[in-house]
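Enquirer: Can you read through this structure? Questions will come right after.
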Amino acid sequence: MPEDLKHVADDYQWGFKDDVEPELALKGLTPETVKRISEAKGEPAWMTEFRLKALEIFYKLPMPKWGPDLTALERQLDDFFYYVKPPSKGVADRWEDVPEEIKRTYERLGIPEAERKVLAGVGAQYDSEMVYHKIKEELEKKGVIYVSIEEGLREYEEIFRKYFAKIVPPSDNKFAALNSAVWSGGSFVYVPPGVEVDVPLQAYFRVNTAGFGQFERTLIIVDEGAKVHYIEGCTAPLYTTEALHTGVIEIYVHKNANSRYTTIQNWPTNMYNLVTQRAVVEEGAYHMWLDGNLGSKVTMKYPSSILKGRGARAEVLSIAFAKSGQHLDTGAKLIHLAEDTSGSIVSKSISKGDGRASYRGLVKVNRNAERAKANVECDALLIDTESKTDTYPYMEIENETAQIGHEATVSRLADDQIFYLQTRGLPEDEAAALIVRGFIEPVAKALPLEFAVELNRLIELEMEGSVG
Amino acid sequence: MAKSLEIQDLWVSHDGKMILKGVNLSLPLGEVHALMGPNGAGKSTLGKVIAGDQAYTVERGRVLLNGEDITGLEPDERARKGLFLAFQYPLEVPGVSIANFLRLALKERLGRDVPVTEFYARLQEGLKTLEWDEEVLGRYLNEGFSGGEKKRNEILQLLVLRPQVAILDETDSGLDIDALKVVARGVNSMRGPEFSALVITHYQRLLNYIVPDVVHVMMDGRVVKTGGPELALELEARGYDWLKEEVAHAGGS
């Protein structure tokens, strides 16, 4: 491992590589690759066509120029592996049936244990394919579907087709088009009317192959009055070559339903993480995006909520922690289409070393959306003098009854604050970590416990020797 | 009597300007001393330097705690040895509740894990002395506190952490008379053979409630006069000018 990556590897707990030989690996972005992926999955013809059309759209759309620098990524696009199939007999529903080396990885990450203790269902994706998927029996009996996206297409094609790519069409943006062409893995979730899933469903994404692109696709349908919380976590080994993660998440929250989607991405710092997440929220329904961005080299991610029905509500809680070498361009979008809709965005970012955290958000209120309410609060904390942050809050308000609030603050970790805590006996590093933890507290307290613990551990690690 | 805190010929600069010019001061264990003086005399600087504020440069001299030279120690090391500074302007730390913060601080102060029962016993006692509702423990450290609440919170920390030496930097400023009495009661409850305090104040008023054993007067970066509690009353009655003349005269002789 080159010297410059060493310190990163020391800090990155999940940087171990697993010794797993893939069954099939497809390199390069061509119609041939796309066809072979579709073939390997035994897809219906309409999906193959959809993929090929999406690839054309991808070719046509320009690279986004308004955000982080993607020129290095653009040069590498033909060198990635677009499909890597791990050795497996398909998606297991018992950990015993997951290949030994892969199972060991998930055991090191504590997934089977978490499943036993706190989760309603678990999905595990390894490179391109889901290797494990299981939901608690009592939920299955109530008609809750939690399967791999491939199985969703195979077994529930009718529902699948009704929603797939309707919320995020391939033409939405270049990377949504890319995902649409080469998507593989991800989850399909359907919660029937009135069914409340009280404990979270969790999906765990692991990249193992060097120079790999992961393109999971998740479709969640929460039917009328139903409730669900879906969590995704991401890690990978640290390679010298760069990697790409481009997911598309579509969520349909029906009338009076309640849904929550939590992401904690802790990709290594050579990962481009370009994800499109969007939810449609119907009348009286509620959706929350909880978005934690800790890892990656570049992240561009703006979870969107389309408030489509009267009285629909959405909340976004976002944490970004940009360390040296990272540019995290994150935020959220609230699109108010109906009357009495309300939305709130709270974004907390921390920049350390030469890291850069940007908030980019949009609040749009349609002409017909009477009495819409939106509130945006974005706070940035800078740890070092060379740390950077910027804020791009866009507002498009077409209805004059809208109530819109926006508040942004930038603060720097202050010596006098640290001194104050030190005079109470807290060592300097601990004082700094406490201030950082306090800064993100309003968002962190909404996190599932194990993620909150993980986040605290990361902050402590990052604040060691960072001041003074 | 054992010297709890001792300042020996302390010279301190800030941004190239000498602020303390040879401070000598002895605070024996079990005593409460007042440190008075006009604005700009260097009182608050002395308090911060004793606590280890690295914004200031010690050019010469030493600070001793129980005979040990602590001049080069970090602020937290000093705190763990039993030193406490109640700030004139306490800082706000959003998102950190008083209860969480004090639990961490007490653990550091005692150098061991603190059972919840022991921690709450200390908190309850402190809150009772300060006539404060338990509800305050869930509030974030000083965030949105009034000036008076911040000062009261400093004394709550004092009562929970129970240091050996406390420096109170203008704890009386910005307090109405009722709050002043409450704060004084907090400090007085700590008094005993194992505790000493240096009470920095501009006014005699606080000293009606925290009666000092000894009064020091600072001017232009030095302690120029030391006396009994009556010295504070004399300063209250006559101001500082006569002392300035006396010092100038002594300097000239």
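Enquirer: Just add up the charged neighbours of A:Pro192: K/R +1, D/E -1, any other residue whose Cβ is under 10 Å from the Cβ of A:Pro192.
Expert: Taking every Cβ under 10 Å from that of A:Pro192, the sum is -1.
Enquirer: For region A:343-468, what does the relative contact order come out to in percent, with C-alpha contacts under 8 Å and a separation of six or more?
Expert: Value for region A:343-468: 24 percent.
Enquirer: How far apart, in nm, are the 7 Å Cα→Cβ label points at A:Glu398 and B:Lys21?
Expert: 7.3 nm
Enquirer: Okay, next question. Just how large is the dipole of chain A about the Cα centre, in debye to the nearest 20, putting +1 at every Lys and Arg Cβ and -1 at every Asp and Glu Cβ?
Expert: In debye, rounded to 20, chain A gives about 1060.
Enquirer: What list of ³J(HN,Hα) values in whole Hz, one per residue of region A:243-260 in order, does the Karplus curve 6.51 cos²θ - 1.76 cosθ + 1.60 (θ = phi - 60°) give from phi, with Gly and Pro shown as x?
Expert: Taking θ as phi minus 60°, the curve returns 10, 10, 10, 10, x, 10, 10, 10, 10, 10, 9, 6, 2, 6, 8, 9, 9, 9 Hz for region A:243-260.
Enquirer: If you add up the charges near B:Trp242, with Lys and Arg at +1 and Asp and Glu at -1, over every other residue whose beta carbon is less than 14 angstrom from its beta carbon, what do you get?
Expert: Overall, the nearby charge balance is -2.
Enquirer: For the pair A:Ala72 and A:Glu155, what calculated FRET efficiency results from E = 1/(1 + (r/R0)^6), where r is the Cβ-Cβ distance and R0 = 45 Å, to the nearest 0.05?
Expert: The calculated FRET efficiency here is 0.65.
Enquirer: I've got another one for you. On a 25 Å Cα-Cα criterion, which of the cross-link pairs A:Lys35/A:Lys141; A:Lys60/A:Lys364; A:Lys174/A:Lys297 come out too long?
Expert: A:Lys35/A:Lys141; A:Lys60/A:Lys364
Enquirer: Tally Lys/Arg at +1 and Asp/Glu at -1 over every other residue whose Cβ is under 15 Å from the Cβ of B:Thr117; what's the total?
Expert: Value of the local net charge: +1.
Enquirer: A follow-up question, please. How tilted is helix B:229-238 with respect to the longest principal axis of chain B? Cα atoms for both, answer in degrees (0 to 90, nearest 10).
Expert: 70 degrees
Enquirer: Now for a different question. For region B:43-109, what's the relative contact order in percent, using C-alpha pairs closer than 8 Å and at least 6 residues apart?
Expert: Relative contact order, region B:43-109: 31 percent.
Enquirer: Treating cross-link reach as a plain straight distance, find the lysines whose alpha-carbon is under 17 Å from the alpha-carbon of B:Lys181, omitting any fewer than eight places away in the same chain.
Expert: The qualifying lysines are B:Lys128, B:Lys150, B:Lys151.
Enquirer: Evaluate the charge dipole of region B:1-75 about its Cα centre and quote only its size in Debye, nearest 20, assuming +1 on the Cβ of each Lys and Arg and -1 on the Cβ of each Asp and Glu.
Expert: Here the size comes out at about 260 debye.
Enquirer: Given H placed 1.01 Å from N in the peptide plane, which residues other than close sequence neighbours of B:Gly22 have an amide H under 5 Å from its amide H?
Expert: B:Leu10, B:Trp11, B:Val12
Enquirer: Then there's this: Using modelled backbone amide H atoms (1.01 Å from N, in-plane), which distant-in-sequence or interchain residues come within less than 5 Å of B:Ala86's amide H?
Expert: Distant-sequence amide H within range of B:Ala86: B:Ile167, B:Leu168, B:Asp169.
Enquirer: Ok, one more. Between region A:202-272 and region A:358-385, how many Å separate their Cα centres?
Expert: Value for the Cα centre distance between the two parts: 23 Å.
Enquirer: For region A:296-302, what does the Karplus curve 6.51 cos²θ - 1.76 cosθ + 1.60, with θ = phi - 60°, yield as ³J(HN,Hα) per residue in whole Hz, taken in order and with x for Gly and Pro?
Expert: Here the 3J(HN,Hα) series is 6, 7, 10, 10, 10, 7, 9 Hz.
Enquirer: Same structure again: Straight-line reach from B:Lys244: which aspartates and glutamates have a Cα under 17 Å away, not including same-chain ones fewer than 8 places off?
Expert: Qualifying aspartates and glutamates at Cα under 17 Å: B:Asp220, B:Glu234, B:Glu236.
Enquirer: Does region B:36-97 come out rounded, prolate or oblate, given a ≥ b ≥ c as the square roots of the eigenvalues of its C-alpha gyration tensor, rounded meaning a/c under 1.5 and, failing that, prolate meaning a/b above b/c?
Expert: Judged from the Cα gyration tensor, region B:36-97 comes out oblate (a/c at least 1.5, b/c at or above a/b).
Enquirer: Here is a further query. Rounded to the nearest Å, what's the spacing between the alpha carbon centres of region A:22-90 and region A:423-468? Just the number, please.
Expert: With region A:22-90 and region A:423-468 each reduced to a Cα centre, they are spaced 39 Å.
Enquirer: Determine the shape class of region A:3-301: with a ≥ b ≥ c the square roots of the Cα gyration tensor eigenvalues, call it rounded for a/c under 1.5, and otherwise prolate if a/b is greater than b/c, oblate otherwise.
Expert: In terms of gyration-tensor shape, rounded.
Enquirer: Based on DSSP loop calls and a cut-off of at most 16 other Cβ atoms within 10 Å, the longest stretch of chain B free of exposed trypsin sites (Lys or Arg not before Pro) is what?
Expert: It works out to B:1-111.
Enquirer: Still on this structure, please answer the following. Considering only DSSP beta bridges where both residues belong to the protein assembly as shown, give the percentage that are antiparallel (nearest 5).
Expert: Percent antiparallel among DSSP bridges in the protein assembly as shown is about 20.
Enquirer: Explain nothing, just the number: relative contact order of chain A, from Cα pairs under 8 Å at least 6 residues apart, as a whole percent.
Expert: 9 percent
Enquirer: Too long at a 25 Å Cα-Cα cut-off: which of A:Lys41/A:Lys166; A:Lys134/A:Lys301; A:Lys103/A:Lys166?
Expert: A:Lys134/A:Lys301; A:Lys103/A:Lys166
Enquirer: Hand me the GluC sites (Glu not before Pro) from region A:305-403 located in a DSSP loop with no more than 10 other Cβ atoms within 10 Å, in residue order please.
Expert: A:Glu400
Enquirer: Please give the calculated 222 nm ellipticity per residue for chain B, where each DSSP H segment of at least 4 residues contributes -39500 (n - 2.57) and the sum is spread over every residue; nearest 500 deg cm²/dmol?
Expert: -11500 deg cm²/dmol
Enquirer: Answer rounded, prolate or oblate for region B:3-252, using the Cα gyration tensor with square roots of eigenvalues a ≥ b ≥ c: rounded when a/c is under 1.5, else prolate when a/b is larger than b/c, else oblate.
Expert: Note, shape of region B:3-252 comes out prolate.
Enquirer: Taking θ = phi - 60°, what integer Hz values does the Karplus form 6.51 cos²θ - 1.76 cosθ + 1.60 yield along region B:130-143, in sequence order, with x for Gly and Pro?
Expert: Working through the residues one at a time gives 8, 6, 10, 7, 4, 3, 5, 5, x, 6, 6, 3, 6, 5 Hz.
Enquirer: Further question: Based on the Cβ-Cβ distance of A:Glu113 and B:His202, what FRET efficiency does E = 1/(1 + (r/R0)^6) give at R0 = 45 Å, to the nearest 0.05?
Expert: Using R0 = 45 Å, I get an efficiency of 0.15.
Enquirer: Looking only at region B:136-253, where both bridge partners belong to it, what percent of the DSSP beta bridges are antiparallel (to the nearest 5)?
Expert: 50 percent
Enquirer: Name the residues whose placed amide hydrogens come within less than 5 Å of the amide hydrogen of A:Val131, ignoring near sequence neighbours (fewer than 5 apart) on the same chain.
Expert: A:Ala124, A:Gln125, A:Tyr126
FYI, it's all coordinate maths here, none of it is from the lab. Computed from a predicted structure; not experimentally measured. Backbone-built Cβ (ideal geometry, glycine too); neighbour counts: all protein chains shown.
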